[in-house]
1. What figure, in Å² to the nearest 10, do you get for the accessible area of GLU26 with a 1.4 Å probe and non-protein molecules left out?
2. Kindly express, to the nearest 10 degrees and within the range 0 to 90, the angle between helix 14-30's C-alpha long axis and the longest C-alpha principal axis of the chain.
3. Let's see if you can work this out: charge +1 on each Lys and Arg Cβ, -1 on each Asp and Glu Cβ, no other charges. What is the dipole magnitude of the chain about its Cα centre, in debye to the nearest 20?
4. Note the listed values [x] 40, 20, 9; [y] 32, 11, 9; [z] 27, 13, 9, then indicate which one is semi-axes √(5λ) of the Cα gyration tensor in Å calculated from this particular structure.
5. For the chain, take the longest principal axis of its alpha carbons; what is the angle in degrees between that and the long axis of helix 50-63, to the nearest 10 within 0 to 90?
6. With runs of 4+ DSSP H residues as the only contributors, calculate the mean residue ellipticity of the chain at 222 nm using -39,500 (n - 2.57) per run, divided by the residue total and rounded to the nearest 500.
7. How much length would be gained if the chain were fully extended between LEU60 and GLN76, taking 0.36 nm per residue of separation minus their Cα-Cα distance, in nm to one decimal?
8. What nm value, rounded to one decimal, do you get for the distance between ALA46 and LEU30 when each label is placed 7 Å out toward the C-beta?
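The values are calculated or read from the model by the stated rules, or taken from the named source; none is laboratory data. Just so it is clear, the model here is predicted, and its values are computed rather than measured. Virtual Cβ from ideal backbone geometry, glycine too; neighbours counted across all protein chains shown. For accessibility, only protein heavy atoms count, side chains too; no ligands or nucleic acids. Shrake-Rupley method; radii C 1.70, N 1.55, O 1.52, S 1.80 Å.
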Amino acid sequence: MYLKHQLPCLHCQPHDYIRMVQHMIERCLLLQMSRDDCVKALAKHAKIEPIISLTVWKELLKENKAFFRDYFQARQYLNN
C-alpha cells in the first residue's frame, strides 16, 4: 500500500505527478530557462529525476512545436 503524500508521487499518482512536472517546466519557460537549466533546477530544488523532466519536456515539445520554435528563436535573440 502506498503512503499518502502532500505532493503527487510518481508511484501513487503518476498522472498528477506528470502534471506537476509539466507545470514546473512551464514556470521555467516563463523564466526563459534552457532545457538543461530547467532540468538541473528541478533536480536540485524539487528533487525531480532528470529522466522524468527530460521525458515531460520532450512530450511538451512534440505537442507544442510552434511554441517551442518561437521560444528557442526568442532565447537565441536575447542571448545575442
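1. Looks like 80 Å² after rounding.
2. That helix lies at roughly 30 degrees to the long axis.
3. With Lys and Arg at +1 and Asp and Glu at -1, about 60 debye.
4. Of the listed options [x] 40, 20, 9; [y] 32, 11, 9; [z] 27, 13, 9, [z] comes from this structure.
5. Helix 50-63 and the main axis of the chain meet at about 60 degrees.
6. -23500 deg cm²/dmol
7. Stretched fully, the LEU60-GLN76 segment lengthens by 3.8 nm.
8. Computed distance between label sites ALA46 and LEU30 equals 1.2 nm.
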